[in-house]
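Worksheet for the structure shown next.
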Amino acid sequence: MSKTLTRADLTEAVYKNIGLSRNESAELVETFLEEVCGCLEAGEEVKLSSFGTFSVHAKRERVGRNPKTGVEATITPRRVLSFRPSHILKDRVDGAS
């Protein structure tokens with residue numbers, strides 16, 4: 001069964017590998033995540049070297065269909081988040097099988 005990586009796990013990794021206190025480690029993780037979220041909210045791309053790129057795309061209003069009933073419905077315009085992994089990350093994930 002796969003494990004989910006949490007903020008607490010990231011904080012613990014910073015604590016063990018960098019040597020900051022647990023409070024400083026938690027603050028560092030929170031600051032990093034807030035910076036990433038702020039950039040994405042502003043519509044900016046976030047590129048993390050050797051990891052991947054997060055970007056926001058605008059989708060227009062369109063007509064969709066309920067697959068069960070076939071009834072058409074309007075899908076409102078929205079912004080969606082996408083992630084494109086780097087080739088390095090793809091290779092690491094593929095090699096971990």
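The values are calculated or read from the model by the stated rules, or taken from the named source; none is laboratory data. Note that the structure is a prediction, hence the values are computed from the model and not measured. For neighbour counting, all protein chains shown are included, and Cβ atoms are generated from backbone atoms with ideal geometry for every residue, glycine included. The area values use the complete protein model at the heavy-atom level, side chains included, leaving out ligands, DNA and RNA. Shrake-Rupley method; radii C 1.70, N 1.55, O 1.52, S 1.80 Å.
Rounded to a whole number, what % of the accessible area of the chain do carbon and sulfur atoms account for, probe 1.4 Å?
Details: 4470 of 8190 Å².
Looking at the chain in its full context, I get 55 percent from C and S.
Using only the alpha carbons of the chain, what is the convex hull's orientation-averaged projected area in square nanometres? Provide the component values of the computation, followed by the final result.
Working: hull surface 39.7 nm².
Value for the chain: 9.9 nm².
Among Lys68, Lys16, Lys59, which one shows the highest mean-square fluctuation when the chain is modelled as a Gaussian network with alpha-carbon springs under 10 Å?
Between Lys68, Lys16, Lys59, it is Lys68 that shows the largest mean-square fluctuation.
What is the helix-to-structure angle for 7-18, meaning the angle in degrees between its Cα long axis and the longest Cα principal axis of the chain, kept from 0 to 90 and rounded to the nearest 10?
Value to nearest ten degrees: 30.
Name the residue from Leu48, Ala73, Ile18 whose Cα lies farthest towards the positive end of the charge dipole of the chain, charges +1 on Cβ of Lys and Arg and -1 on Cβ of Asp and Glu.
The residue sitting farthest along the positive end of the dipole is Ala73.
With a/c under 1.5 counting as rounded, go ahead and sort segment 45-97 into rounded, prolate or oblate using the C-alpha gyration tensor (a ≥ b ≥ c being the square roots of the eigenvalues; past the cut-off, prolate if a/b is larger than b/c, else oblate).
oblate
Taking 0.36 nm per residue of sequence separation and subtracting the Cα-Cα distance, how much length would be gained by fully extending the chain between Ser2 and Ala73, in nm to one decimal?
Between Ser2 and Ala73, full extension yields an extra 21.9 nm.
What is the distance in Å between the Cα centres of segment 37-80 and segment 6-26?
32 Å
Relative to the first principal axis of the alpha-carbon coordinates of the chain, what is the inclination of helix 22-41, with its axis defined by its Cα atoms, in degrees from 0 to 90 and to the nearest 10?
Roughly 30 degrees, rounded to the nearest 10.
For the chain, give the magnitude of the charge dipole about the Cα centre (Cβ charges: +1 Lys/Arg, -1 Asp/Glu; no others), in debye to the nearest 20.
640 debye
On a full-extension model of 0.36 nm per residue, what is the gain between Thr31 and Glu12, subtracting their alpha-carbon distance, rounded to one decimal in nm?
5.3 nm
Kindly report, to the nearest 10 Å², the accessible surface of Leu33 as traced by a 1.4 Å probe over protein heavy atoms only.
Near enough 40 Å² of accessible area.
Cα-based count: Lys pairs in the chain below 29 Å, eight or more positions apart or different chains?
9
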